[in-house]
2 protein chains.
Amino acid sequence: MSEQMMAEMLEKLRESGVKLTHQRMEIFREIAGRTDHPDAATIYECVRKRLPTVSLDTVYRTLSMLKEAGLISTLGPNQDRLRFDANIAPHHHFVCTKCGKTEDFYCEEFNALRVPSDVLNMGIVEHSHVELRGICSECRRSN
Amino acid sequence: MSEQMMAEMLEKLRESGVKLTHQRMEIFREIAGRTDHPDAATIYECVRKRLPTVSLDTVYRTLSMLKEAGLISTLGPNQDRLRFDANIAPHHHFVCTKCGKTEDFYCEEFNALRVPSDVLNMGIVEHSHVELRGICSECRRSN
DNA sequence: TTCCTAAATAAGAATTGTTACTATTTAGTA
DNA sequence: TACTAAATAGTAACAATTCTTATTTAGGAA
Ligand SMILES: [Mn+2]
Ligand SMILES: [Mn+2]
Ligand SMILES: [Zn+2]
Ligand SMILES: [Zn+2]
């Protein structure tokens with residue numbers, strides 16, 4: 001984790017007018033220092049080593065606040081509940097970030113994207129899936 | 001939902017040696033007949049209209065079994081718990097379908113993919129995110 | 001067809017991930 | 001140093017999913 005990330009965090013949090021508690025510093029320091037996309041429980045266990053009385057609730061609240069402030073993001077479309085797809089043909093998704101609507105689309109080009117060389121070292125790529133995120137027509141109208 | 005999908009389902013389930021219960025038929029019929037990526041509770045409510053005593057547990061078990069058999073899939077990486085990402089630079093992910101490991105990679109080309117015309121009618125695309133799925137080096141070694 | 005048995009089910013309890021409540025503490029300010 | 005709104009710790013509540021167990025049923029055998 002770079003000093004620059006920490007500085008940017010302090011800056012953004014000051015902007016949004018929230019208090020700079022040491023719980024928040026340590027939680028951000030933890031997640032900013034790793035590249036493995038951890039879950040809340042993992043962050044909690046690690047931060048607890050330095051801040052033994054921190055509560056799991058604070059970890060959740062802080063992560064949610066950091067996301068709101070645009071300092072971190074979450075994997076997947078939304079977090080809500082597991083959603084199923086009976087379309088087993090190769091296809092891709094347009095996802096509305098407002099309402100969560102997920103529509104299928106087909107694109108030969110996206111089915112076989114050129115795999116960047118960095119990724120070749122990570123493992124064997126079997127499928128590529130593109131998620132185009134934006135605002136659906138319906139949400140845009142009702143705005 | 002086409003008769004062909006139903007036939008393929010019956011075929012695959014026979015292959016995997018499970019019983020062809022009418023709960024399973026109705027649950028598959030329901031999900032195969034829609035394109036909106038529903039969650040388990042939605043499937044449950046709809047199937048219940050035709051099969052009033054079906055249990056939510058059966059819906060979960062059946063969806064999980066159908067996924068195992070390769071007849072359906074789920075959205076997102078593995079929605080067991082929410083995972084966080086402190087990397088706010090535009091980037092993409094290599095995801096191991098075996099262990100769930102998710103690694104960042106960068107690719108200018110993927111940041112601005114040509115949006116297919118079908119998608120233009122769905123809404124305004126703001127970001128594109130590519131998920132390359134496969135087996136990570138570590139999982140491949142330990143196999 | 002009838003019978004048998006392992007597999008599947010319904011109902012409800014348990015578990016797990018996440019959020020809410022509330023008394024106490026603290027950051028930021030004066 | 002003292003004040004106050006915001007944040008926290010601890011715990012309870014909640015919601016999604018999975019487990020337990022008694023009962024039912026699909027598929028095969030007689
Ligand atoms: Mn789909
Ligand atoms: Mn990432
Ligand atoms: Zn929308
Ligand atoms: Zn792996």
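For the condition over 18 Å from the mean Cα position of the chain (by Cα), in the same structural domain as residue A:76 (by TED's automatic domain parsing) and either open to solvent by 30 Å² or more (accessible area, probe 1.4 Å) or of a type in the set (Gly, Ala, Ser) (or both), residue A:13 does not qualify. Answer yes if at least one residue in the range B:44-61 is at the interface with chain A (Cβ under 8 Å from one of its Cβ atoms) and more than 16 Å from ligand 4 (Cβ to nearest atom), and no otherwise. No, that holds for no residue.
Just one of the listed residues (A:126, A:103) is surrounded by fewer than 17 Cβ atoms within 10 Å (Cβ to Cβ) and not assigned by TED's automatic domain parsing to the domain that holds residue A:26, namely A:126. Go through the residues of the range A:11-18 one by one and say whether even a single one is in contact with a strand residue (DSSP E or B) (Cβ under 8 Å, 6 or more places away or on another chain) and of a type in the set (A, V, I, L, M). Within the range A:11-18, none of the residues are in contact with a strand residue (DSSP E or B) (Cβ under 8 Å, 6 or more places away or on another chain) and of a type in the set (A, V, I, L, M).
Here B:26, B:30 are screened, and the one residue that is within 24 Å of residue A:105 (Cβ to Cβ), open to solvent by less than 50 Å² (accessible area, probe 1.4 Å) and acidic (Asp, Glu) is B:30.
So that you can scan it fast, the table gives a plain yes or no per residue for (1) at the interface with chain B (Cβ under 7 Å from one of its Cβ atoms); (2) aromatic (Phe, Trp, Tyr); (3) open to solvent by 10 Å² or more (accessible area, probe 1.4 Å); (4) within 16 Å of ligand 2 (Cβ to nearest atom):
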site: A:72; (1), (2), (3), (4): yes, no, no, yes
site: A:75; (1), (2), (3), (4): yes, no, yes, yes
site: A:80; (1), (2), (3), (4): no, no, yes, no
site: A:108; (1), (2), (3), (4): no, no, yes, no
site: A:118; (1), (2), (3), (4): yes, no, yes, yes
site: A:135; (1), (2), (3), (4): yes, no, yes, no
site: A:143; (1), (2), (3), (4): no, no, yes, no
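For the range B:92-106, a tally of residues being closer than 25 Å to residue A:106 by Cβ and more than 7 Å from chain A (Cβ to nearest Cβ) returns 4.
The values are calculated or read from the model by the stated rules, or taken from the named source; none is laboratory data. A quick note: this is a predicted structure, and the numbers were derived from the prediction, not measured. Note: ideal-geometry Cβ built from the backbone for every residue, glycine included; neighbour counts use all protein chains shown. For accessibility, only protein heavy atoms count, side chains too; no ligands or nucleic acids. Shrake-Rupley method; radii C 1.70, N 1.55, O 1.52, S 1.80 Å.
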